[in-house]
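The block underneath contains the structure these notes are about, expressed in C-alpha cells.
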Number of protein chains: 2
Amino acid sequence: MTTATEATPRSEDLYPSRGLPEPRLAPRKDPVVHGSVEDGPLDVVHLRRYEQNGFLTFEGMFDDDEVARYLAELQRLRGDEALADRPETITEPESGQVRSIFAVHRQSELMERLCRDRGVVEIARQLLGGDVYFHQTRVNYKSGFRGKEFYWHSDFETWHQEDGMPRMRAVSCSISLTDNSPHNGPLLLIPGSHQEFLACVGETPENHYQKSLQKQEYGVPDDESLAAMVEKGGIEAATGKAGSVTFFECNVMHGSNSNITPWPRSNCFIVFNSVENAVVDPYCGLEPRPGFIAERDDFSPVEIA
Amino acid sequence: MTTATEATPRSEDLYPSRGLPEPRLAPRKDPVVHGSVEDGPLDVVHLRRYEQNGFLTFEGMFDDDEVARYLAELQRLRGDEALADRPETITEPESGQVRSIFAVHRQSELMERLCRDRGVVEIARQLLGGDVYFHQTRVNYKSGFRGKEFYWHSDFETWHQEDGMPRMRAVSCSISLTDNSPHNGPLLLIPGSHQEFLACVGETPENHYQKSLQKQEYGVPDDESLAAMVEKGGIEAATGKAGSVTFFECNVMHGSNSNITPWPRSNCFIVFNSVENAVVDPYCGLEPRPGFIAERDDFSPVEIA
C-alpha cells in the first residue's frame, strides 16, 4: 500500500489540458485494452468492440432479487440522516435532494460487496491488465420529473488534471439499479471518442470540485470538437433493464440529457484504476480533490467478495 | 370574419383550472375526432389510433427538397435583424439565441405556403370536423449542445385559461425540418392523456406569457397526476426523419428533455382550431395574450395553398 505522502511526483505530462488558448485534439498515447483474452471473461469480440467503441453494456448481470436488495440499500443511504451533512453526500442545487453519495464502499457493507462483485472485478482486471483499486465509488440517484442534464466530458481529463491520474488505464463501471429507457436521461456515449484526448481551455479554479459535481464549468469540451467526434462516431445510449452493467473507458466522451419522465435513474458507479497507474500530484498544479472523490491513500488491489 | 370586439362573452367554463387548492383530474367533455372517415385522407385505423393515443406521426410527408427549402427559410428568418427585436421573436434566456418566431405565416410567404399545405390542412379539417383557422403558427429552433428541456403540459389548459379557447377542438401540427432522434430532445407524449383534463393549482399572474414561453411556472401538472398518466399510457417519442409530421391533440400531455447532442431540432408548428371554437374572453379573467400568440381577430377558414 502506497500512502499520500509517498505519492510519486508528477512525471512528464502526456495529456496537457486547460489554460490553453485553443482546444486541441491529440491522439491517445495509451492502449485501450491493457489485458488479453486469456486474462478474463471477455472474448475477442467483446474486447475488439471495447477497443473500437470505448464501452460495453451487459444485460442481466444482476438478477431481480439482487437489484431489489441493492436498490433498497441505496434508498436507505439516501434517507440516512447521519450521512446527509457529510461531504461525501452531494445534493441537487435547487431541490436539495441527494444526488450522489461518494466512497459508498466505505459506508455500506452491502454496497462494498457490490463493488467487489466477481463478475465486475474480473472484467475490470482484464480491461486494465492486472490488479485494480477503487479510484472512486458512489451511488447516483437522478430523480424523475426534475432530473438534471450532465454535459459532455471525458472523465480522464478531470482525473488527470485534478487528481493526478498519469495514464489512461482506468475504467468506469455503472451498475443500473433502475431501468434506463431512451427517455429518462440515459448515459449517452460517443463511440470512438476515447481514441483522442481533447485538451480544454480555461484554468482550474481552487476547490473546483465542490461546484463541478453540480455544474461543470471547466474541462468542458468545445462545440466544434464535440461535433467532429459525433460526426465520426455518432451517439449511443446505454439503455437496458435494471441489473445491466456498462463499462466505459476513462477517456470516452459521455453525458446525459435531463429527465422529465416520472422514472428516476439509480446506479452504483465504480471507477477501477490499475494499481500501476496510481495517482500522483494533480497536473493542474493545485491541491488534490478529497480522498472520497479520488482515492489517494489506499491503492491496495480490490479483492473479490 | 369575427373580430375581437365581437368576441363571444365567456359561456359556462367546462374546464376550470388554476386557483384550486388541489390538482384535479376530470373526464374530457368533447370528442377527440370531430370529423369522420368520409371527411378526409385518414382511414379508420388512423382515426382510431388518434382517438386512443391523442397523436399521429407520418414519415416523409415532405421530401428532401421541400425540407431544404423551408429549413433555409427558417434560418433566414432567425438571422433577420428586422425580426430580432419584435415581440414575435422569443430568445433563449441564457444565450439570447432565437428559439421561436410566432405568427410566422404573416412574416414569410414561404412559411405561409407551408402552413396552408394541402396534406396538412386536410388532415386538420378531418380531425376537427370542418373548417379550421390558425390559432397560432410559429417556427421553433431548439439548439444543439444547450437545448433546454420543456416541461410536461397540456396546451389546452393554457389556451383555455389564457386565450379563452372554449372547447377541446384544436390540433397541433409539428412539421419536422430536422431529424428527431431519441437523443436530441424529441417531443415526448403520454398516450391517452388527452382523455382527461388536469386542472392545475396556482393563479395566473398578469403578462404570464412573457415568462411562460421561456420557463413555465403556472399550469404545471403535479407529479402524482403525471405519474398516474404515465403508469396508464407510458411515454412515446415523436422521432422521425426531417419531413415527418406529427399531429397531436390540444389536450395531450407532452414535453421534451434537454438536448446536449450537436443536432439541433427545427420545426414549423401550426395550431389549427375549429372555426366553431373561436376564442372568447380568457377563462382566467385576465387580459388575453397578444394576437401573435393566440389569434383573436382573424377566424377566417384556412385556404389550401
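When segment B:231-252 is filtered for residues that are surrounded by 21 or more Cβ atoms within 10 Å (Cβ to Cβ) and facing chain A (nearest Cβ under 8 Å), only B:ILE235 remains.
Can you find a residue that is away from chain B (no Cβ under 14 Å), open to solvent by less than 50 Å² (accessible area, probe 1.4 Å), under 19 Å from A:ALA26 (Cα atoms) and modelled with pLDDT under 90 anywhere in segment A:179-198? Within segment A:179-198, none of the residues are away from chain B (no Cβ under 14 Å), open to solvent by less than 50 Å² (accessible area, probe 1.4 Å), under 19 Å from A:ALA26 (Cα atoms) and modelled with pLDDT under 90. For B:SER212, the conditions (1) at pLDDT below 70; (2) away from every other protein chain (no Cβ under 14 Å); (3) open to solvent by 20 Å² or more (accessible area, probe 1.4 Å) all hold with the exception of (3). Against the conditions (1) touching a residue at least 24 places away in the same chain (Cβ under 8 Å); (2) touching a strand residue (DSSP E or B) at 6+ places or on another chain (Cβ under 8 Å); (3) among the hydrophobic types (A, V, I, L, M, F, W, C), A:ALA84 satisfies every one except (1).
Close Cβ contacts (under 6 Å, 6 or more residues apart or on different chains) running from residues in segment B:253-269 that are more than 10 Å from chain A (Cβ to nearest Cβ) to residues that are open to solvent by 20 Å² or more (accessible area, probe 1.4 Å) and aromatic (Phe, Trp, Tyr) comprise B:SER266/B:TYR141.
Rundown of residues vs (1) buried (at least 16 other Cβ atoms within 10 Å of the Cβ); (2) at pLDDT below 90; (3) among the β-branched types (Val, Ile, Thr), yes/no style:
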position	(1), (2), (3)
A:GLU6	no, yes, no
A:GLY19	no, yes, no
A:VAL45	no, no, yes
A:GLN52	no, no, no
A:ASP80	no, no, no
A:ARG113	no, no, no
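Looking at (1) open to solvent by less than 50 Å² (accessible area, probe 1.4 Å); (2) at pLDDT 95 or above; (3) closer than 18 Å to B:GLU109 by Cα, which is the only condition B:ALA72 fails? With (1) open to solvent by less than 50 Å² (accessible area, probe 1.4 Å); (2) at pLDDT 95 or above; (3) closer than 18 Å to B:GLU109 by Cα applied to B:ALA72, the lone miss is (1). Six or more apart or on different chains, Cβ under 6 Å: which pairs go from a residue in segment B:125-152 that's in contact (Cβ under 8 Å) with a residue 12 or more places away in the chain and within 14 Å of chain A (Cβ to nearest Cβ) to one that's part of a loop (DSSP other than H, G, I, E, B) and open to solvent by 20 Å² or more (accessible area, probe 1.4 Å)? Could you list them? Hits for this filter: B:SER143/B:GLN97; B:SER143/B:PRO264; B:GLY144/B:PRO262; B:GLY144/B:TRP263; B:GLY144/B:PRO264; B:TYR151/B:GLN216. In the condition set (1) open to solvent by less than 10 Å² (accessible area, probe 1.4 Å); (2) facing chain A (nearest Cβ under 9 Å), B:ALA170 is compliant with all but (2).
Take the conditions (1) open to solvent by 30 Å² or more (accessible area, probe 1.4 Å); (2) modelled with pLDDT under 95; (3) within 19 Å of the chain's Cα centre (by Cα); (4) more than 12 Å from chain A (Cβ to nearest Cβ); B:ALA305 misses just one of them, which is (3).
The values are calculated or read from the model by the stated rules, or taken from the named source; none is laboratory data. Note that the coordinates shown come from a computational prediction; the quantities given were computed from them, not determined experimentally. Glycine gets a Cβ as well: all are built from the backbone with ideal geometry, and neighbour counts include every protein chain shown. Note: areas computed on protein heavy atoms with side chains; ligands, DNA, RNA excluded. Shrake-Rupley method; radii C 1.70, N 1.55, O 1.52, S 1.80 Å.
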